[in-house]
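Please read the structure below before turning to the comments.
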Amino acid sequence: MNDPNPPERGERLVKWSLAPWERPAVMGDLQEEFRDLAATAGEPAARKWYWRQAITSMWPNARRRLQGDDGRYALWSQGMQGFACGCIWMAGNWAFGRPLDAFVGTGWMIFGAITIAESLFRKRVRA
């Protein structure tokens, strides 16, 4: 009998959110737990469990990834500031009835989000 495998997209999500030095241990533990759960509760329940683990672990994984690298943390902070400025700009413009000026806020939010993603998924950031 073939061993069931975790969902490929869920595995990819976990792999992307983990730091490279954590991947082998965490991925191995998740696969082992998935196979045990599939044997006892069935494959659909195991898939549901795996997706829940993948989604709920994204923020803690990203936070651990940022803690070990000052340059990465600085880039992440810069992205969060840009994203927050964009949100404030858009809220202010909508509150005062100037929706066309919201394009500036949207641009800040997009560039902030790109910077955040870059800080999380880039290999190493030089300080």
Simple Cβ-charge dipole of the chain, Lys/Arg +1 and Asp/Glu -1, about Cα centre, in debye nearest 20: 360 debye
Candidates ALA41, ALA19, ALA62: whichever shows maximal mean-square fluctuation once the chain is modelled as a Gaussian network with Cα springs under 10 Å: ALA41
Förster radius 25 Å - calculated FRET efficiency between MET80 and MET58 (Cβ-Cβ, nearest 0.05): 0.95
Sum of -39500 (n - 2.57) over DSSP H runs of 4+, divided by residues of the chain (222 nm, nearest 500): -26000 deg cm²/dmol
Whole-percent pair-distance distribution, where bins are 5 Å wide, for the alpha carbons of the range 69-121: 5, 26, 24, 17, 12, 9, 5, 2, 0
Spacing of the two label points (7 Å from each Cα toward its C-beta) at ALA39 and ARG23, in nm: 2.7 nm
For the chain, built as a Gaussian network whose Cα springs stay under 10 Å, the top-fluctuating residue of PHE83, PHE103, PHE111: PHE103
Rounded Å value of the spacing that divides the Cα centres of the range 56-93 and the range 7-39: 25 Å
Viscosity 0.890 mPa s, temperature 25 °C, Stokes-Einstein D of the chain from Kirkwood C-alpha radius, µm²/s: 145 µm²/s
For TYR73, TYR50, order by how many other beta-carbon atoms lie within 10 Å, fewest first: TYR73, TYR50
Under the span-like rule (Cα at least 18 Å along the axis, Kyte-Doolittle mean at least -0.5), DSSP H helices of the chain: 23-41, 70-95, 102-121
Kirkwood-type radius of the range 8-61, with distances r between different C-alpha atoms, in Å: 11.2 Å
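Only the coordinates and a few stated rules stand behind these numbers; no lab work does. In this text the structure is predicted, and so the values were computed from the model without any measurement. Heads up, the Cβs are rebuilt from the backbone with ideal geometry, glycines too, and the neighbour counts pull from every protein chain shown.
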